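One structure is given below, encoded as structure tokens.
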Amino acid sequence: EFNDEKILNVIQERIKTKKPVQYLIGFAPFMGEKFIVNENVLIPRTDTEILVDETVKTALDIKDETIKILDIGTGSGIIACMCAKKLIEKNRKVEIIGVDISLNALNVAIDNMKKLNLTRSVMFRKSDLFSNVKEKFHIIVSNPPYIPKKEYETIQKEVKFEPYEALFVEDEKGIYYYDLIIKEAKSRLFDGGYLLFEIMKGQFDYIKELLEKADFKDIKGFFDIQGIKRVIKASV
């Protein structure tokens, strides 16, 4: 609960440090829910709503009784939790596994899953990409780190409070994790399964090429409100 003194403290800390308000108050809104956040996880962005919406639409076309989804690099769990919530609202049975290499991030994700009463539909697991995943899925979804590290110096100060390894990659094009996921995703998807990514401006063609090399089909891009291709989807 926030009283006047706490609000004043938050404002003063924000002015003094430029620390994001979401970290100062401990939560961030996303798709109509309040998600717990701290400096171990990224702050949810509205861009990611497009990824959730497209994943849900894709899942609704799956005929099997239980829809199985893998969320790679789950962070605070917003993708896993909101996909589950929206599919349950449509009376679909769903099993979602969210994986992350960071135990601190997974603890936040677990708190969010419990807060939204999703313990029957969502579970989280420590895994470096697919290293601790043996199951197969109808859908693999990911919002991986994709900002080339050369952009770190010019990025706004607030972003520097967020976990570096969840945002930045070493390569020039920012496609390192997409490449790793695409190479292994096919063997982890059921026939006719789908792979969906959030991407950065200018990355669509690079990632489309990686998907084509790996024999993915029906590659589509989805735009954000600024007209940037923000999500890429492909099927096996």
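The values are calculated or read from the model by the stated rules, or taken from the named source; none is laboratory data. Please read these numbers as outputs of a predicted model, since none were measured by experiment. Counting neighbours? That spans all protein chains shown, and the Cβs are built from the backbone with ideal geometry, glycine included. Accessible surface areas use protein heavy atoms only, side chains included; no ligands, DNA or RNA. Shrake-Rupley method; radii C 1.70, N 1.55, O 1.52, S 1.80 Å.
Estimated translational diffusion coefficient (Stokes-Einstein, Kirkwood radius over Cα pairs, 4 °C, 1.567 mPa s) of segment 1-113: 84 µm² per second.
Residue order by solvent-accessible surface for Leu129, Leu211 is Leu129, Leu211, largest first, with ligands and nucleic acids left out and a 1.4 Å probe. Relative contact order for segment 193-235: 52 percent, from Cα pairs under 8 Å spaced at least 6 residues apart, divided by residue count.
For segment 104-189, averaging the sequence separation of C-alpha pairs within contact (under 8 Å, six or more residues apart) and dividing by the residue count gives a relative contact order of 31 percent.
Determine the percent antiparallel among the DSSP beta bridges restricted to the chain, to the nearest 5.
Counting DSSP beta bridges with both partners in the chain, the antiparallel share is about 40 percent.
Considering helices alone, the calculated mean residue ellipticity of the chain at 222 nm is -10000 deg cm²/dmol, with DSSP H runs of length four and up weighted by -39500 (n - 2.57) and normalised per residue. Working note: Cα atoms of segment 58-185, range along each principal axis, descending, whole Å: 47, 32, 24. Here is the list for segment 115-161: trypsin sites (Lys or Arg not before Pro) lying in DSSP coil, each with at most 16 other C-beta atoms within 10 angstrom of its C-beta, are Arg120, Lys134, Lys136. Diffusion coefficient (Stokes-Einstein, Kirkwood radius over C-alpha pairs, 10 °C, 1.306 mPa s) for the chain: 87 µm²/s, rounded to a whole number.
Accessible area per residue for the chain is 52 Å², calculated with a 1.4 Å probe on protein heavy atoms, without ligands, DNA or RNA.
Given R0 = 25 Å, the distance between the Cβ atoms of Gln226 and Lys18 translates into a calculated FRET efficiency of 0.55. Give the accessible area for Thr154 in Å² (nearest 10); use a 1.4 Å probe, count only protein heavy atoms, and leave out ligands, DNA and RNA. Approximately 120 Å² for this residue.
Of all aspartates and glutamates in the structure, the ones whose alpha carbon falls short of 20 Å from that of Lys57, not counting any fewer than 8 places away in one chain, are Glu33, Asp47, Glu49, Glu65, Asp71, Glu89, Glu95, Asp191, Glu198, Asp218, Asp224. Sites listed here are GluC sites (Glu not before Pro) in segment 166-236 whose DSSP assignment is loop and whose Cβ has at most 14 other Cβ atoms within 10 Å: Glu170, Glu172.
Carbon and sulfur atoms: what percent of the 1.4 Å accessible area of segment 197-236 do they account for? Don't skip to the end; give the middle numbers.
Values: 1070 of 2170 Å².
That share works out to 49 percent.
Between the amide H of Ile199 and those of Val231, Ile232, distances stay under 5 Å, these residues lying 5 or more places away or on another chain, with hydrogens modeled in the peptide plane.
Heavy-atom accessible area with a 1.4 Å probe sorts Tyr176, Tyr152, largest first, into Tyr176, Tyr152. By DSSP, the beta bridges lying fully in segment 1-131 are antiparallel in about 25 percent of cases. If the chain linking Arg125 and Ile147 were pulled fully straight, counting 0.36 nm for each residue of separation and taking away their Cα-Cα distance, it would gain 5.4 nm.
Note down the magnitude of the dipole of segment 70-158 about its Cα centre, charges +1 on Lys and Arg C-beta and -1 on Asp and Glu C-beta and zero elsewhere, to the nearest 20 debye.
Working: 15 positive and 10 negative charges, 84 e Å.
For segment 70-158, the charge dipole is close to 400 debye.
Put simply, the amide H of Gly98, placed in the peptide plane, has neighbours under 5 Å in Asp71, Met123, Phe124, Arg125, leaving out anything fewer than 5 places away on its chain. When a 1.4 Å probe is rolled over the protein heavy atoms, the share of accessible surface on segment 43-182 that falls to carbon and sulfur comes to 49 percent.
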